[in-house]
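Below is one structure, written out as structure tokens; the observations come after it.
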């Protein structure tokens, strides 16, 4: 199942979420493939209001997308690296060029603009150390305006979740 980005109407403000909305979100976080009927049964509503609530949360941007989570090791992406990057120049144009370049790199699965010594934190996956070396030297380092790069290799994942509503 490919991830599907939902269209978000930025003119809408986030609607207040009641306990039924939060219950629906909890269920969808556990299993986004649940049917509206299954959700309705668990939150004690009929299918129409559940469907309307889900559509409202999608339209307002509360639900941003549905995705299939994949085990990195089983798709030959067993090496995970946290990469800290600082830029030489901090202009809007320089930052925008770096961000555009990051969007083109499939190895980068997350990118955050951070405060502190570095400007960006990347989560990178690769098949092995040779593949990461190739990424680092021939892709990431080719981005103009790179000042300093520090790679931290993930030895093991202790906690990884996408659950925001408990």
(request) Please enumerate the residues belonging to region 19-37 that are in contact with a helix residue (DSSP H, G or I) (Cβ under 8 Å, 6 or more places away or on another chain) and assigned to a helix (DSSP H, G or I). (result) 20, 21, 23, 24, 25, 27, 28, 36, 37
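Each row is one residue, and each column tells you yes or no for (1) in the same structural domain as residue 120 (by TED's automatic domain parsing); (2) surrounded by fewer than 17 Cβ atoms within 10 Å (Cβ to Cβ).
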residue	(1), (2)
23	no, no
29	no, yes
37	no, yes
42	no, yes
46	no, yes
52	no, yes
78	yes, yes
85	yes, no
99	yes, yes
(request) Evaluate the following for residue 77: is it modelled with pLDDT under 95 and assigned to a loop (DSSP other than H, G, I, E, B)? (result) no
(message) Residue under question is residue 118, and the condition is that it be part of a loop (DSSP other than H, G, I, E, B), modelled with pLDDT of 95 or more and in contact with a strand residue (DSSP E or B) (Cβ under 8 Å, 6 or more places away or on another chain); does it hold?
(response) yes
(message) Taking the condition of being within 15 Å of residue 18 (Cα to Cα) and part of a loop (DSSP other than H, G, I, E, B), how many residues in region 51-62 meet it?
(response) 2
(request) Only residues that are more than 24 Å from residue 68 (Cα to Cα) and modelled with pLDDT of 90 or more: list them for region 1-40, please. (result) 16, 17, 18, 19, 20
(request) With the checklist (1) closer than 25 Å to residue 164 by Cα; (2) surrounded by 11 or more Cβ atoms within 10 Å (Cβ to Cβ); (3) touching a residue at least 40 places away in the same chain (Cβ under 8 Å) in hand, flag the one item residue 111 doesn't pass. (result) (3)
(message) Can you tell me which of (1) within 16 Å of the chain's Cα centre (by Cα); (2) farther than 24 Å from residue 20 by Cβ is the one residue 131 doesn't meet?
(response) (1)
(request) Scan (1) farther than 19 Å from residue 30 by Cα; (2) surrounded by 12 or more Cβ atoms within 10 Å (Cβ to Cβ); (3) touching a residue at least 40 places away in the same chain (Cβ under 8 Å) for the single condition residue 95 breaks and write down its number. (result) (3)
(request) Quick one: which residue in 125, 165 is under 30 Å from residue 27 (Cα atoms) and in contact (Cβ under 8 Å) with a residue 60 or more places away in the chain? (result) 165
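The values are calculated or read from the model by the stated rules, or taken from the named source; none is laboratory data. Since this is a predicted model, take the numbers as computed values, not measurements. We place every Cβ from the backbone using ideal geometry, glycine too, and count neighbours over all the protein chains shown.
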